[in-house]
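Asker: Got a structure for you, questions after.
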Amino acid sequence: MSIVHEILCKLSLEGDHSTLPSAYGSVKAYTNFDAEHDALNIETAIKTKGVDEVTIVNILTKRNNEQRQDIAFTYQRRTKKELASVLKSALSGHLETVIWGLLKTPAQYDASELKASMKGLETDEDSLIEIIYSRTNQELQEINRVHKEKYKTDLEKDIVSGTSGDFHKLMVALAKGRRAEDGSVTDYELIVKRKGTNVPKWISIMTEYKSYSLYDMLESIKEVKGDLENAKPGQCIQNKPLYFADQLYDSMKGKGIHDKVLIRIMVSRSEVDVLKIRSEFKRKYDKSLYYYI
């Protein structure tokens, strides 16, 4: 097993099923945390001939994101160098990608992934859907702020230039992070079920509410064709952990393993709901996530 897959397994397997806040994340705050000590050990590991990757991995995968930010701050204070940049030069391949992701705040990581998904001639719509549709309003608003700060342009403008049609309208509306997150739509007339769904109305409903009656959601999605049908918004709303379990399975099946998707989901969900994702994966595919990774 490669060191990258070892990292991904650490992110998915550690943690417990307590009911405390963030209980469904596998990465918890390290109890005996000492940013100064960790920064010094990472500095030594980087200077070691050939780079001591194991030490770097063991430290960063056993600290939560807030603690990693403290380590990065302490490292920069000690060395006058940015830790992420130093590790980017010291490491390579997928290991570099994973460690870089772990050192970013959630919003920084999502903003960079969104930017990358819309770079070039063809937009990576699956990545766009995954990030925008699965994040909360608060998370989306922070992503918008970070995107503006880092790239000097609004996220909405990037989406406008990188997408088109009804898919473009849905992504722009959702990216604003303004939908009601506690409401439940049960009025069958709100989501037009008749043949020839009113797509603009459907987009309006989808961007205003997070919860729907199961019947309404499935019936409305059946009527929507093209890009919107491929967006899997209903699955993400109904059961987010199952949505991510399916995304992980799709990224690992066959010969064309999509490491980018695998890495992004494991990094971004490690402190959120990876234990739920792991349970859904086992229930649906009858094998553990660890086995597949």
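Computed from the coordinates by the stated procedures, all read-outs in this text should not be read as laboratory data. Not measured: the values here are computed from a predicted model. In this analysis, Cβ positions are derived from the backbone assuming ideal geometry, glycine residues included, and neighbour counts consider all displayed protein chains.
Asker: Sticking to Cα atoms, compute the Rg of region 2-109 to one decimal and its Dmax as the biggest Cα-Cα distance, whole number, in Å.
Answerer: Final numbers for Rg and Dmax: 13.6, 44 Å.
Asker: Moving on. Mind listing which trypsin sites (Lys or Arg not before Pro) in region 100-148 are in a DSSP loop and have 12 or fewer other Cβ atoms within 10 Å?
Answerer: Lys119
Asker: Past the 29 Å Cα-Cα mark, which pairs from Lys88/Lys282; Lys157/Lys276; Lys150/Lys284; Lys62/Lys148; Lys88/Lys119?
Answerer: Lys88/Lys282; Lys157/Lys276; Lys150/Lys284; Lys62/Lys148
Asker: Right, here's the next one. Exposure proxy check: Leu40, Leu83 ranked by fewest other beta carbons within 10 Å?
Answerer: Lowest to highest Cβ neighbour count: Leu40, Leu83.
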